[in-house]
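The values are calculated or read from the model by the stated rules, or taken from the named source; none is laboratory data. What you see is a predicted model; the values in this text were computed from it and never measured. Here the Cβ positions follow ideal geometry from the backbone for every residue, glycine too, while neighbour counts run over all protein chains shown. The accessibility values were calculated without ligands, DNA or RNA, using every heavy atom of the protein model including side chains. Shrake-Rupley method; radii C 1.70, N 1.55, O 1.52, S 1.80 Å.
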Amino acid sequence: MIALYLAPVYFLFDIWILVMYLRWLGITFKPLKSWYFRIPVILIYLFLVSSIGIAFVMPVGILQKILKYIGNIWIGVNAFCFQVLVPVAVIRWILFLRGKKKGKTFRSMRQAFRETIWYRVLGLVLSLTVICCTVYGIYHGRDIKVKNFEVDIQKDAGDLDSLNVVMIGDIHFGYNVGVGHTRKMVDLINAQNPDIILVAGDIFDNEYEALDNPEKLIDIVKTLKAKYGVYSVYGNHDIQEKILAGFTFDHKSEKAADERMDAFVEACGWKHLRDEVVLVDDSFYIVGRNDEERPGKGLKERKSIQELMKQTDQEKPVIILDHEPRDLKEQAEAGGDLCVNGHVHGGQVFPGTLLMKLMWENAWGYKQIGTMHSVVTSGAGIWGPPMRIGTDTEICQITVNFTGK
């Protein structure tokens, strides 16, 4: 529902941008002051602004996907405009207030500034900044990187001295992630020669219909290779629910994965865990937890970590696979040795990176909590605006050394 509350703010902000932009164009390039130019600009601008809403009410199809993608990009453009325009507006008003003390009026100061070369230069610099951030953000968001970690667990894992883990999360198959991105992700994972692959939720982006080509995606994902296979859990976006600008809507029906999502995961050959504990090769445990927000069909809450840990032998290493990096201290105290999560995206786009660090104990990367190692991925896919600045689209390669012998 948050998208509905933000909608008026979104449209008012866009109107403000349009008014300022048309004014700057008219002053900087006199011929562009004509309504023969302004009317087409306004119509194109209104299309960009409303594309996300139009796509939301349209029936599923190619045109809807294109409009949704355009709308998601425009959401990102808005975020960059906010970051560059609001500080400039605040500074301008501070300077105007100082000028008013000297007997000048806002109107005279504003008019005087618009007649200077600095007004034209400032508008050009701000426009280029937004354009560059948008282009870079889209390009960087599609550039999948490999992040390497190494941890020591002081437990005996039988015949294993080490374990090569590849962990991914937040793939978000759908509007932003299709066949090309998936193929690159799978190739990078296989290049790490993993012993085991862990998928930390948000496999889908809510709407199964948004998948580029489900059959082709399954064929690509099935080529993943790992000695012990692929283990997965669901996240808060792995439910069939309409999504607008990355936000979902509450409704009375039960929030659970679409049967087609379950069938997709099964067809990929993944071992999907729903509050389950698995002993792998009689050497280590995988504890796969249901999502905290969306525990699944017929469930109001997931099992506690203490209840799940009763199914393990604490003499053996325990790896916790959970979508959200919540209650890390509790999971460490319960006996977890390595906990892998996603969900946060690291904030995805600056300054969200800073905000997420304040909200989460570990928002991205590695942190040791007690004797437990926590690794949180910023995601192998993208949510909402298809861009990243200040974070990476990534897969995590984790070398786990067992030093308890």
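Taking Cα atoms only, the orientation of helix 117-141 departs from the longest principal axis of the chain by about 20 degrees. Across segment 207-223, coupling constants 3J(HN,Hα) worked out from phi with the 6.51/-1.76/1.60 Karplus curve, θ = phi - 60°, read 9, 4, 5, 7, 4, 4, 7, x, 5, 5, 4, 4, 4, 5, 5, 5, 7 Hz, and Gly and Pro carry x. Taken along its principal axes, the alpha carbon cloud of segment 1-87 reaches lengths of 43, 30, 17 Å, longest axis first. Roughly how tilted is helix 2-28, in degrees to the nearest 10 and between 0 and 90, from the longest Cα axis of the chain? For helix 2-28, the angle is close to 40 degrees. Cross-link check: pairs Lys145/Lys227; Lys30/Lys65; Lys216/Lys329; Lys271/Lys300; Lys145/Lys300; Lys297/Lys329 evaluated at a Cα-Cα cut-off of 31 Å; pairs beyond the cut-off: Lys30/Lys65; Lys216/Lys329; Lys145/Lys300. As a ratio to 2.2 N^0.38 Å, the alpha-carbon radius of gyration computed for segment 83-210 takes the value 1.89. Of all aspartates and glutamates in the structure, those lying under 14 Å Cα to Cα from Lys303, and not within fewer than 8 positions of it along the same chain, are Asp275, Glu276, Asp291, Glu292, Glu293, Asp322, Asp327, Glu330. Here segment 163-309 has 46 percent of its accessible surface on carbon and sulfur atoms, given a 1.4 Å probe and all protein chains in place. The angle between the Cα long axis of helix 35-57 and the main principal axis of the chain comes to about 20°, on a 0 to 90 degree scale. Semi-axis lengths, largest first, of the ellipsoid equivalent to segment 323-405 are 25, 14, 9 Å, with √(5λ) applied to each eigenvalue of the Cα gyration tensor. Around the amide H of Trp364, modelled in the peptide plane, lies no amide H under 5 Å away from a residue 5 or more places distant or on another chain. For the listed peptides 35-48, 305-318, a ranking on the average number of other beta carbons within 10 Å per residue, highest first, reads 305-318, 35-48. For segment 46-153, what class follows from the C-alpha gyration tensor (a ≥ b ≥ c being the square roots of its eigenvalues): rounded when a/c is under 1.5, otherwise prolate if a/b is larger than b/c, else oblate? Taking the square roots of the gyration eigenvalues as a ≥ b ≥ c, segment 46-153 is oblate.
Accessible surface of segment 21-80, 1.4 Å probe: 82 percent of it comes from carbon and sulfur atoms. Ordering Gly288, Phe37, Gly61 by Cα displacement along the dipole of the chain toward the positive end leaves Phe37 in first place; charges were set at the Cβ atoms of Lys, Arg (+1) and Asp, Glu (-1). Solvent-accessible surface of the chain, taken per residue with a 1.4 Å probe and all protein chains present: 48 Å². Explain nothing, just the number: relative contact order of the chain, from Cα pairs under 8 Å at least 6 residues apart, as a whole percent. It comes to 21 percent, rounded to a whole number. Taking a ≥ b ≥ c as the square roots of the eigenvalues of the Cα gyration tensor, an a/c ratio of 1.5 or more together with a/b no larger than b/c marks segment 254-405 as oblate. If I take all pairs of Cα atoms in segment 170-225, what percentage of them are more than 13 Å from each other? Result for the distance tail: 59 percent. For the chain, the residue among Tyr119, Ala267, His373 whose Cα projects farthest onto the positive side of the dipole built from Cβ charges is Tyr119.
Segment 131-206 and segment 281-345 have their alpha-carbon centroids 19 Å apart. Against the criterion of solvent-accessible heavy-atom surface with a 1.4 angstrom probe, Leu188, Leu128, Leu273 sort, most first, into Leu128, Leu188, Leu273.
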